[in-house]
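J.: Here it is, the structure, as structure tokens.
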Amino acid sequence: SFHRILKEEIVQGEHLGRGTRTNIYAGILKLKSEDDDDMGGYSQEVKVVLKVLGSGHRDISLAFFETASMMRQISHKHIALLYGVCVRHQENIMVEEFVQYGPLDLFMRRQSTPLSTAWKFQVAKQLASALSYLEDKKLVHGYVCSKNILVARDGLDGEGGPFIKLSDPGIPITVLSREECVDRIPWIAPECVQDTANMSIAADKWGFGTTLWEICYNGEIPLKDKKLTEKERFYAAQCQLATPDCDELAKLMTHCMTYDPRQRLFFRAIVRDIDVVEKQNPSIQPVPMLEVD
Ligand code: ATP
Ligand code: MG
């Protein structure tokens, strides 16, 4: 179930980009407060993003609502808030909290001075805590990647450090094409490429491992120049991404990215392990990427 937002309660603004089958806009959500009367006035406005599934995609609106109802069950400081869903004529719209500094991958790539190890650890710990919360609630996210992590506070002045929020996963992979799934290598878990019905919490652990890689490598895109067939071969040959020059972190990453989903760590253990690794105070140094062949 999800909260229904009236089309009169939202104002659509600037186009921000495209998601999978969606268009994303900045927007305003007008809210009534408890002590407002029923005169039609709104006492509060919040900045939101509107994720619009166009009328051409009504065949997947059920899948879209599935994501929305999953997000509505979540209340966590490191997960973006979904206000609700709005049906506007033939369009379905997810109304989500606007997060100021945008997606983590772009944020990291924009930096001209290197992000500190402490900064990266904080982001990794916040993400792990969000995923540990989902694990406890037996909820599957489905698309953990740095593009779907939003930066709420940059923490570059050192005060308080960064603050991130995991965004919604977009439409479930069960309605994606084979090519779209293969293109999500190396974020999508190998068992999900074989059969999208294998989506599970274990698959989120794989995605977390890949995201950890992105964080270590400053938002670099893993397997960036690989064609779809090369990506398929990467999983078929059970290859691993190059791991950072820190044995403990590399071990943690590969523990999340084992090809057997049953061998992957619980997020609760991951949270603990990151703390241990951080206390050993390593510096996360990328090593050159290994080639697939
Ligand atoms: P998918 O994740 O399925 O590809 P999506 O609809 O979640 O689709 P994204 O690619 O995650 O789309 O987002 C598209 C762009 O919209 C991002 O690059 C970012 O600029 C912007 N954006 C998305 N969500 C937010 C948000 N909550 N706050 C600010 N900007 C956002
Ligand atoms: Mg997204």
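Where a number appears in this text, it was derived from the coordinates with a stated rule and is not lab data. From a predicted model like this one, the values you see are computed outputs, not experimental measurements. Positions of Cβ are backbone-derived with ideal geometry, glycine not excepted, and every protein chain shown enters the neighbour counts.
J.: Counting DSSP beta bridges in the chain, what percent are antiparallel, to the nearest 5?
T.: Here the share of antiparallel DSSP bridges comes out near 90 percent.
J.: Another question about this same structure. Could you put K137, K279 in order, starting from the residue whose Cβ has the fewest other Cβ atoms within 10 Å?
T.: Result, fewest neighbours first: K279, K137.
J.: With the chain treated as a Gaussian network of Cα nodes joined by springs under 10 Å, which of P162, P114, P103 yields the largest mean-square fluctuation?
T.: Of P162, P114, P103, the Gaussian network model singles out P114 as fluctuating most.
J.: So how compact is the range 71-173: Cα radius of gyration and Dmax in angstrom?
T.: Spelled out, the Cα radius of gyration and Dmax of the range 71-173 are 14.7, 48 Å.
J.: Mind checking which aspartates and glutamates have their Cα closer than 19 Å to the Cα of K251? Skip sequence neighbours fewer than 8 apart in that chain.
T.: Straight-distance partners of K251: D204, E214, D260, D273, D275, E278.
J.: Once Rh for the range 145-248 is found with the Kirkwood sum over Cα pairs, what is the Stokes-Einstein diffusion coefficient at 25 °C and 0.890 mPa s, in µm²/s?
T.: 163 µm²/s
J.: How high is the relative contact order of the range 1-147, given as a whole-number percent (alpha carbon pairs under 8 Å, six or more residues apart)?
T.: Relative CO of the range 1-147 lands at 20 percent.
J.: Among C256, C181, rank each residue by its count of other Cβ atoms within 10 Å, from fewest to most, as a rough exposure measure.
T.: With the sparsest Cβ surroundings first, the list reads C181, C256.
J.: Order these by the 10 Å Cβ neighbour count, fewest first: E220, E179, E278.
T.: E179, E220, E278
J.: Using all alpha carbons of the chain, what is the percent of pairwise distances in each 10 Å bin, ordered from the shortest bin to the longest?
T.: Spelled out bin by bin, the chain gives 6, 27, 34, 22, 8, 2, 0 percent.
J.: If you don't mind, there's one more thing I want to ask. Treating each Cα of the range 1-112 as an identical point scatterer and ignoring solvent, apply the Debye formula and state log10 I(q)/I(0) at q = 0.15, 0.19 Å⁻¹.
T.: -0.70, -1.07
J.: Springs between alpha-carbon pairs under 10 angstrom, Gaussian network model over the chain: which of I270, I171, I221 fluctuates most?
T.: So, out of I270, I171, I221, the one fluctuating most is I221.
J.: Further question on the same structure: For every helix of n ≥ 4 consecutive DSSP H residues, a contribution of -39,500 (n - 2.57) applies; sum these over the chain, divide by its total residues, and give [θ] at 222 nm rounded to the nearest 500 deg cm²/dmol.
T.: Computed ellipticity for the chain at 222 nm equals -10000 deg cm²/dmol.
J.: Contour minus end-to-end for Q73 and T174, with contour as 0.36 nm per residue of separation and end-to-end as the Cα-Cα distance?
T.: Here the answer is 34.3 nm.
J.: Assign one of three labels to the range 59-124, namely rounded, prolate or oblate, based on the Cα gyration tensor with a ≥ b ≥ c the square roots of its eigenvalues; rounded applies when a/c is under 1.5, prolate when it is not and a/b is larger than b/c, and oblate otherwise.
T.: Since a/c reaches 1.5 and a/b is larger than b/c, the shape of the range 59-124 is classed as prolate.
J.: I would also like to ask the following. Taking a ≥ b ≥ c as the square roots of the eigenvalues of the Cα gyration tensor of the range 193-272, is the shape rounded (a/c under 1.5), prolate (a/b larger than b/c) or oblate?
T.: oblate
J.: Take the chain, connect every pair of alpha-carbon atoms lying under 10 Å apart with a spring to form a Gaussian network, then pick out the residue of E96, E45, E66 with the largest mean-square fluctuation.
T.: Of E96, E45, E66, the Gaussian network model singles out E45 as fluctuating most.
J.: Which distance in nm do the two modelled labels at V11 and L156 give, with both placed 7 Å along the Cα-to-Cβ direction?
T.: 2.9 nm
J.: Near K51, which aspartates and glutamates are there with a Cα under 18 Å away, not counting those fewer than 8 places off in the same chain?
T.: K51 reaches E8, E9, E14, D59, E66, E91, E96, E97, D168.
J.: Between T254 and S116, what is the spin-label point distance in nm, taking each point 7 Å from the Cα along the Cα→C-beta axis?
T.: Distance between label points: 3.0 nm.
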